[in-house]
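Please treat every number below as a calculation from the coordinates, not as lab data. Computed from a prediction, not measured in an experiment: that's the story for all the values here. All Cβ positions, even for glycine, are placed from backbone atoms using ideal geometry, and neighbour counts span all protein chains on display.
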Amino acid sequence: MISFGPIPSRRLGKSLGINNISSQKVCTYSCIYCQVGITNKYSADRTSFFEPSVIYDEVKKHLQKLDAIDMPDYLTFVSNGEPTLDINLGKSIEILKTFNIPIAVITNGSMLNDSLVREELSHADWVSVKIDTADKETWKTLNRPLAKLDFDHYKNGLLKFSQEFKGKLVSETMLVKGVNDSPEILHQTAELVLSINSSTAYLSIPTRPPAIATVTAPGESEINAAYQIYTEMGLNTELMLGFEGTNTGFTGNAIDDIINICTVHPIREDTMQELLRKDNADPMILKSLIHGKHIQQVKYGSNTFYIRKFHS
Ligand code: SF4
């Protein structure tokens, strides 16, 4: 199946997924946390998987079946592997643009040192690049790149793309316990994310069975620390902890507000008190949310924060 969904996405609204890679995963990486298993077909050679006209026809048929209310906000290349390995990616983006629906691409960024890849991606409206670490050894441990890939080329590609791309560029950092969640590594990663002017730096955790069974998410304290380090470095940071909470305003319903906001940002104690006051809420709500294991209280520096609890 080339197109699927639309699936609800906090980042993209309703996103119609497009898998422009074959049914067998083909990737430049074999990330230890990959939710589609280990990479059997490693490659950094671009090749043809589907003709752009085939992708176009599939998407057209798919869109025709949808009710108006289900029309996607984005057509998103989210592939079974690395979408930029598709030599037809640029042509497919161009032909899909005739639907007048913005195009998004989720890439691991490893091919961005190739000027042709950058040129093709420049036609997308929204691009997410993976930046799990700025440390070469951690990159090798976490992303397990194809041996011929060079870490400096990867970083160079990110920088060049960020300078050339006119659309919305975001980054995603997957946090893995004991691998890239130390303050030292996170400061370096945040610097790299900062250098590409990522409009939003998303921090995520493994929420589905990983390729390597021993991979786990850091605890709430470490996730909060990562969030604080990123924001202290000036990054517009959001958490993606596997919950699709979307409403981050003040609705008058304190429970919904706390859970929705905690899903995206840790809430500092003083902000929490202000939120409770605005929502005219009983302060006991906080205790019951903690007791019910919906949120957790964590310390960072001299402050107390509340973060969405995801460990059972
Ligand atoms: S880059 Fe994406 S598809 Fe490739 S191994 Fe990593 S997580 Fe899996």
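Here are the numbers for the structure shown:
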{"quantity": "ASP45, ASP57 arranged by Cβ crowding within 10 Å, fewest neighbours leading", "calculated": "ASP45, ASP57"}
{"quantity": "Cβ-based net charge around TYR56, under 11 Å, with every Lys or Arg adding one and every Asp or Glu removing one", "calculated": "0"}
{"quantity": "Burial ranking of peptide ranges 63-69, 164-170 (average Cβ count within 10 Å, highest at the top)", "calculated": "164-170, 63-69"}
{"quantity": "Where a label projected 7 Å from the Cα of LYS148 along Cα→Cβ would reach, residues of segment 85-121 with amide N under 17 Å", "calculated": "85-87, 110-117"}
{"quantity": "Least to most buried among PHE77, PHE50, PHE161, PHE99 (fewest other Cβ within 10 Å first)", "calculated": "PHE99, PHE50, PHE161, PHE77"}
{"quantity": "Paramagnetic reach from SER48 in segment 57-99 [backbone N under 13 Å; point 7 Å along Cα→Cβ]", "calculated": "87-89, 91-92"}
{"quantity": "Sorted by Cβ neighbour density within 10 Å, fewest at the top, the residues MET174, MET284, MET71", "calculated": "MET284, MET71, MET174"}
{"quantity": "Potential lengthening between SER195 and HIS294 on full extension [0.36 nm per residue; Cα-Cα distance subtracted]", "calculated": "32.1 nm"}
{"quantity": "Shape of segment 153-255, Cα gyration tensor, a/c cut at 1.5", "calculated": "oblate"}
{"quantity": "Those lysines that a straight Cα-Cα span of less than 27 Å connects to LYS14, excepting residues fewer than 8 apart in one chain", "calculated": "LYS25, LYS60, LYS61, LYS65, LYS91, LYS97, LYS130, LYS166, LYS168, LYS309"}
{"quantity": "Antiparallel DSSP beta bridges within the chain, as percent of all bridges there, nearest 5", "calculated": "30 percent"}
{"quantity": "Length gained when the stretch SER23-LEU66 is fully extended (0.36 nm per residue, less Cα-Cα span)", "calculated": "13.1 nm"}
{"quantity": "Pairwise label distance in nanometres, ILE87 with SER182, each label 7 Å out on the Cα-Cβ vector", "calculated": "4.3 nm"}
{"quantity": "Global geometry of segment 17-63, whether rounded, prolate or oblate, following the gyration tensor of its Cα atoms and the 1.5 cut on a/c", "calculated": "oblate"}
{"quantity": "Shape box of the chain [Cα atoms, principal axes, largest first, Å]", "calculated": "59, 48, 36"}
{"quantity": "Local electrostatic count at SER92 - Lys and Arg +1, Asp and Glu -1, tallied over other residues with Cβ under 12 Å", "calculated": "-4"}
{"quantity": "The chain: calculated mean residue ellipticity at 222 nm from DSSP helix runs of at least 4, using -39500 (n - 2.57)", "calculated": "-10000 deg cm²/dmol"}
{"quantity": "Cα gyration tensor, segment 127-182 - rounded (a/c under 1.5), prolate or oblate", "calculated": "oblate"}
{"quantity": "All lysines inside 19 Å of LYS278 as judged from Cα atoms, apart from same-chain residues fewer than 8 positions distant", "calculated": "LYS287"}
